[in-house]
Amino acid sequence: MRKKVISLHEKLYNGDIERLRTPERVARLEVERVVALCLDATDLKSVLEVGIGSGLFAEAFVQHGLEVAGVDVNPEMIVAARRFVPKGDFREATAEVLPYPDDSFDLVFFGLVLHESDEQLKVLQEARRVSRHRIRILEWPYQEGEFGPPLAHRLKPTEIADMVKMIDFTHLENIPLTHMVLYRLTV
């Protein structure tokens, strides 16, 4: 009997990249509102987006004057992000092993990625390592919804709070949006 080998990143997005940028999806994600809530400090100059996707949020961060870097496990997403944000520093990498030195970014942003991670605590520890002060996590609320993953794949606010304590962040704020939740972690 053959043993099934499970890929660490079997949740890789394989759909049409343009589908990630439809006006309906952009509106549902509240991109501009999310970015404004992420930029709650005036001293931000750089952001790392973990799970860059098509570069939708990266493009918005650039429009606010930030230097943008991003990682994704899907090489097609890196190509797409570069198409929309040519000056971004985008690299193929996992969220568990970020290819940047300690304290590289003012802000680390996750856009609907943390719940997809196989090792969520390790992902947040890596984000903490490369972040100087702030992590922002956009996630699905812990409730059944018309959009997004099933409830079993969503993160409970208590799970996020427990992980935040383990990575030595002193402040966690939970901001409900129309369809999502934004968690603001600050040292």
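Just so you know, all these numbers are worked out from the coordinates, no wet-lab data involved. No experiment lies behind these values; they were computed from the predicted model shown. When we count neighbours, we look across all protein chains shown, and the Cβ atoms used for this are built from the backbone with ideal geometry, even at glycine.
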Original post:
Along the Cα-to-Cβ line of residue 187, 7 Å from the Cα, sits a label point; which residues in segment 152-171 have backbone N less than 17 Å from it?
Top reply: 164-171
Subject >> GNM result for the chain, Cα springs below 10 Å: residue of 48, 138, 177 fluctuating most strongly >> reply: 177
Subject >> Long-range amide H partners of residue 177 with built H, under 5 Å >> reply: 182
Subject >> In order through segment 150-163: 3J(HN,Hα) via Karplus (6.51 cos²θ - 1.76 cosθ + 1.60), integer Hz, x for Gly, Pro >> reply: x, 3, 4, 9, 8, 9, 6, x, 5, 5, 5, 4, 4, 5
Original post:
With θ set to phi - 60° and the Karplus curve 6.51 cos²θ - 1.76 cosθ + 1.60, what are the ³J(HN,Hα) couplings of segment 134-147 in order, to the nearest whole Hz, using x for Gly and Pro?
Top reply: 9, 10, 10, 10, 9, 9, 6, x, 7, 6, 4, x, 5, 10
Subject >> Per-residue ³J(HN,Hα) for segment 42-47, Karplus 6.51 cos²θ - 1.76 cosθ + 1.60, θ = phi - 60°, Hz, x for Gly and Pro >> reply: 7, 8, 7, 10, 9, 9
**OP:** Starting from the Cα of residue 36, step 7 Å along the direction of its Cβ; do the same at residue 161; then give the gap between the two resulting points in nm.
**Re:** 2.8 nm
Original post:
In bins 10 Å wide, starting from 0, what share of all Cα pairs of the chain does each bin hold, as a percent?
Top reply: 9, 39, 40, 10, 2, 0
Original post:
Of 183, 142, how do they rank once you tally other Cβ atoms within 10 Å and put the fewest first?
Top reply: 142, 183
Original post:
For residue 26 and residue 152, what is the calculated FRET efficiency with R₀ set at 30 Å and r taken between the beta-carbons, to the nearest 0.05?
Top reply: 0.65
